[in-house]
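What follows is one structure encoded as structure tokens, with my remarks underneath.
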Amino acid sequence: MTRTADVVIVGAGVMGAAVAWHLATLGCRSVILLDQASTPGTGSTGRATGGFRAQFASAINVRLSLLAREKLRCFHDETGGDCGYQPVGYLFLAADHGQLGTLREAIAIQRAAGLVESLLVSTDDIARINPAIVLDGVVGGTFGATDGYIRPLGILQGYLDGAQRGGAQVEYGAGAIRLELGRGRIAALTTPSGRIAAGHVVNATGAWAADLARLAGVDLPVTPVRRQVALTAPTSVLPSSTPMTIFAEDGFHFRVRDGRVLLLWPTDTVGADRFDTTFDASWLDGVISRAHRRVPALRAVPVDRAGSWCGLYEMSPDHHAILGAAPGLDNFWLINGSSGHGVMHAPALGQLLAEMILTGRATSLDAHALRPARFLEGAPNPAPVLL
């Protein structure tokens, strides 16, 4: 027996859920979400650290953040869920005047794109904003007071619940998916539970997006990259209002969440294969030494090695999302490659893709910079240096 749906979304993480909810709010009730996992939040969404910022070095990412921030502020009213938006700020720290110049250039881009809150800050300012850090080797930085934290699973659940109230069906444990192609479109999807004829198909499979695209004959330049998080034991040495603090020199950053400190240092770690999220304990020494050198209060706080984890970023070649119809398949929609910004931008990207599917174009902002064809055209966005 063949079922039918106006839209089938493959992937019920935060991105797929955001698309489903926005489709429902725009009047599309015939939506099915398929997910390989047996329960919600077990993929990349559940491993995200929950940062939110508008301090980017490209205009499109700033605008995505501003749209997402607007939606986060009314998230409970719209969905009934709790996104946990906490505007405690993002603090970027420069170790030399070259890095500070890059941060200054980013502020000019942010101003032009509509973000007015971000500021250049001196070392005296930094000492007031985050008194826990050692300022040796810091020459200045930037601070955005409306950046801060969100709760990835809260956003996911809010969108899932709202989408289902609007008529969407969510099916977990979907198993292997096959695509039926015909005349430049995807005609149907087949899973172990049956065949679904689809008007539109959305690829919201995150780090696994290239594999699904390959089934449709689409070369999607999205690759998984491992990112690890060290979790401290419960501690009160840093307040919950501590801003996300990022050292531009090597990318080390930290935040407080649920009475613990999350320590992050983006560097390559070893996995058995490209989707392996087994934690690589050999990475810990490097991140702990950076934390102890820069945040003396953490020297007496042990790291919870068993609670630390690894997740996957879905990286595009230019570190920008890929949004829109796949070249050559006008009903196969891509919402992939957010490159570490997926949860924070999901409210905006979900709205934009729903608009594209139902009206043929994004109406909330100009998303041309994110078009999938940009790589074939040789026109990628400039990849950011620091931001």
For this session: Give me the angle, in degrees from 0 to 90, between the Cα long axis of helix 284-294 and the longest principal axis of the Cα atoms of the chain, rounded to the nearest 10.
Result: 50 degrees
Seminar exercise, completed: Taking Cα pairs closer than 8 Å and at least 6 residues apart, the relative contact order of segment 228-387 in percent is 20 percent
For this session: Can you list which of the GluC sites (Glu not before Pro) found in segment 99-172 are DSSP loop residues with at most 16 other C-beta atoms within 10 Å?
Result: E117
Problem set entry | Part-to-part distance (alpha-carbon centres) for segment 162-211 and segment 118-139, which is given in Å | 48 Å
Seminar exercise, completed: Relative to the chain, whose Cα atoms define the longest principal axis, helix 97-113 and its Cα axis are tilted in degrees, nearest 10, by 40 degrees
Seminar exercise, completed: Taking Cα pairs closer than 8 Å and at least 6 residues apart, the relative contact order of the chain in percent is 23 percent
For this session: With both partners inside the chain, how many of the DSSP beta bridges are antiparallel, as a percent to the nearest 5?
Result: 65 percent
For this session: Please order D77, D318, D6, D219 by the number of other Cβ within 10 Å, starting at the fewest.
Result: D77, D219, D6, D318
Seminar exercise, completed: Amide H proximity to G140 below 5 Å, modelled H, separation 5+ or other chain, gives A94
Exercise. Could you give me the ³J(HN,Hα) list for segment 14-22, computed from phi with Karplus coefficients 6.51, -1.76, 1.60 and θ = phi - 60°, whole Hz, x at Gly and Pro?
Worked result: 4, 6, x, 5, 5, 5, 4, 5, 5
Exercise. What's the FRET efficiency of R128 with S241 using the Cβ-Cβ distance as r and R₀ = 22 Å, to the nearest 0.05?
Worked result: 0.95
Problem set entry | Fully extended contour minus Cα-Cα distance, from V225 to D285, at 0.36 nm per residue | 19.6 nm
Exercise. Against the longest alpha carbon principal axis of the chain, how many degrees, from 0 to 90 and to the nearest 10, is the axis of helix 152-165 turned?
Worked result: 30 degrees
Exercise. Which trypsin sites (Lys or Arg not before Pro) in segment 1-103 pass both tests, a DSSP loop state and at most 16 other beta-carbon atoms within 10 Å?
Worked result: R29
Exercise. Where in the chain lies the longest segment free of chymotrypsin sites (Phe, Trp or Tyr not before Pro) that are both loop residues by DSSP (not H, G, I, E, B) and have at most 14 other Cβ atoms within 10 Å?
Worked result: 1-171
Seminar exercise, completed: In this structure, the FRET efficiency calculated for R214 and R29 from their beta-carbon separation, with R0 = 22 Å, to the nearest 0.05, is 0.10
Problem set entry | Interchain or long-range residues, amide H under 5 Å from Q169's placed H | V31, I32, L33
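Every number in this text was worked out from the coordinates using simple rules, so none of it is lab data. What you are looking at is a predicted structure, and each value in this text was computed from that prediction instead of being measured. Quick reminder, even Gly has a Cβ in these numbers, built from the backbone with ideal geometry, and neighbours come from all protein chains shown.
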